[in-house]
Amino acid sequence: MGKRISVIINPAAGQPEPILHILNNVFRPAGVQWDVSITHEYGDATRQARQAAEGGADIVVAYGGDGTVMEVVNGLIGTEVPLGILPGGTGNVLSIEVRIPQTSEEAAQLLVSDEAQIRMVDVGQSGEKHFLLRAFVGFDARRIELTTRDMRDRYGKMAYLVAALKAIPKTEAMGYQLTLDGEEVECEGFTCIVENAGNMGVAGLSLVPSVSISDGLLDVIVMHGLDPLSLASALGSIADRPLDADRLHHWQAREITIATDPPQAVIGDGEAWGETPITVKVLPSAIRVVVPGEIPQ
């Protein structure tokens, strides 16, 4: 797949492990020339990824969680250099979405494997900001805001559930004014999600099973309520049941504007993006990702 690999490591992500030892044991026997950059603050990974791509790297690899991966993606957009992922964070949703192995050693082996392939992946954009997974307004935005790094370090993935339980009493239904590829739609709900990727962090678990990260479209989901039946409908893929239109709206579009009254917080891939109104669009096939062979597109 490549003989020169640049690895960008977020030392604050996930749990401690001897990552340099793991990489050396995999890359050296494969005859790979590799180097490492360490991030210290937000923005480092973007700058380092851009420098690696311009410097001739065959693959630029992110070691960390989804936040680190998104920073590296920001540095690779507009280049032909593929992204490799070593899942090393609390949340590794993108790696699960494209079926990358979840141990660092197996993920590193993929990067030097003859079985590896390149998958073209869409990226969402809002102004100068980008997202790989999803953007939130309403309940889910509040849930992400309440999930602190201390909670993630203490509870791992359960931190998001703890934050959700705190967010429910503070969230009220609101009206959404949506513009979907020029068509105006109004509806009411507790949360609005713009999805580029369907996976929720557990293999096979998604709000809408048809969401694809490679279809050139964004999926818009509005949940009417936070009651058990609405949540069950939102996770209908578990039982392979059709979505309940009385509890969940779903559309697809290439460009979406979301407005609310009053304005609401917007979260894109875990980062605060200000408040509504917001316009997002899809950048089809914007990033090349190293994935295992025979991955559905």
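The values are calculated or read from the model by the stated rules, or taken from the named source; none is laboratory data. What you see is a predicted model, and the numbers here were worked out from it, not measured in a lab. Please note: Cβ atoms are built from the backbone with ideal geometry, for glycine as well, and neighbour counts cover all protein chains shown. Note: areas computed on protein heavy atoms with side chains; ligands, DNA, RNA excluded. Shrake-Rupley method; radii C 1.70, N 1.55, O 1.52, S 1.80 Å.
The figures follow:
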| quantity | calculated |
| --- | --- |
| Loop-located GluC sites (Glu not before Pro) in region 1-110, at most 15 other Cβ atoms within 10 Å (DSSP) | GLU41, GLU80 |
| Computed over region 1-79, Cα set: Rg, Dmax in Å | 12.1, 33 |
| Per-residue ³J(HN,Hα) for region 103-112, Karplus 6.51 cos²θ - 1.76 cosθ + 1.60, θ = phi - 60°, Hz, x for Gly and Pro | 9, 4, 5, 5, 5, 5, 4, 4, 5, 10 |
| Heavy-atom SASA rank of HIS249, HIS40 (probe 1.4 Å, accessible area, largest first) | HIS40, HIS249 |
| Whole-Å distance, taken between Cα centres, linking region 36-73 and region 92-134 | 13 |
| Sequence-distant residues sharing a close amide H with THR191 (under 5 Å, placed H) | PHE139, MET223 |
| ³J(HN,Hα) computed for each position of region 84-94 - Karplus, 6.51 cos²θ - 1.76 cosθ + 1.60, integer Hz, glycine/proline x | x, 10, 10, x, x, x, 5, x, 10, 5, 4 |
| Mean shadow area of region 63-130 over all directions, Cα convex hull, nm² | 4.7 |
| Portion, in percent, of the accessible area of region 1-109 that falls on carbon or sulfur, probe 1.4 Å | 48 |
| Cleavage-rule hits (chymotrypsin sites (Phe, Trp or Tyr not before Pro)) in region 25-111: DSSP loop, at most 16 neighbouring Cβ within 10 angstrom | TYR42 |
